[in-house]
Amino acid sequence: MKFQQIDEDSDVDVDAGDCDIVQVIENNGDILKLLRLTHVGGGYKSVFKGGDRVVEIPIDESHRFIYQLPAVRLTDEQDGRLRGFW
């Protein structure tokens with residue numbers, strides 16, 4: 001999912017693509033736990049890996065989600081070098 005403004009202190013320009021890609025890892029009805037994904041690079045346009053930063057937001061702030069992106073967890077692509085990436 002694209003999520004607007006994970007860091008409350010940052011200025012975000014949604015039209016310029018200033019959003020974070022996150023994975024919702026828990027939704028208990030009151031709080032959403034989000035794992036921020038980082039771009040892998042290395043010539044891949046849309047491959048992301050999980051980071052080590054988990055952010056919690058109240059469910060009533062879920063309006064900050066801009067898009068839900070389809071995702072596939074990679075397994076054997078590139079001889080397994082991308083295993084576990086999105």
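The values are calculated or read from the model by the stated rules, or taken from the named source; none is laboratory data. Bear in mind that the values here come from a model prediction, so they are computed numbers and not experimental data. Glycine also receives a Cβ, built like all others from the backbone with ideal geometry; neighbour counts cover every protein chain displayed.
Odds and ends about this structure:
- Among residues of the stretch 35-47 that are farther than 14 Å from Q78 by Cβ, those with a beta-carbon under 7 Å from a residue that is at pLDDT below 85 and assigned to a loop (DSSP other than H, G, I, E, B) at least six positions away or on a different chain give the pairs R36/I6; L37/W86.
- One residue stands out in the stretch 51-68 among those that are farther than 19 Å from G84 by Cα and of a type in the set (D, E, K, R): the one that is surrounded by the most Cβ atoms within 10 Å (Cβ to Cβ), namely R64.
- G17 satisfies every condition listed in (1) at pLDDT below 80; (2) on the phi < 0 side of the Ramachandran plot except (2).
- Scanning the stretch 30-50 for residues that are surrounded by 12 or more Cβ atoms within 10 Å (Cβ to Cβ) and either within 12 Å of the chain's Cα centre (by Cα) or on the phi > 0 side of the Ramachandran plot (or both) yields K33, L34, L35, R36, L37, T38, H39, V47, F48, K49, G50.
- Taking every residue in the stretch 52-70 that is among the aromatic types (F, W, Y) and pairing it with any residue that is part of a strand (DSSP E or B) and at pLDDT below 85, at least 6 positions away or on another chain, the pairs with Cβ-Cβ distances below 7 Å are F65/F3; Y67/K2.
- With respect to the stated conditions, V22 fails to be under 21 Å from F85 (Cα atoms), surrounded by 12 or more Cβ atoms within 10 Å (Cβ to Cβ) and over 10 Å from the mean Cα position of the chain (by Cα).
- Note on the stretch 33-69: residues that are of a type outside the set (F, W, Y) and in contact with a strand residue (DSSP E or B) (Cβ under 7 Å, 6 or more places away or on another chain) total 22.
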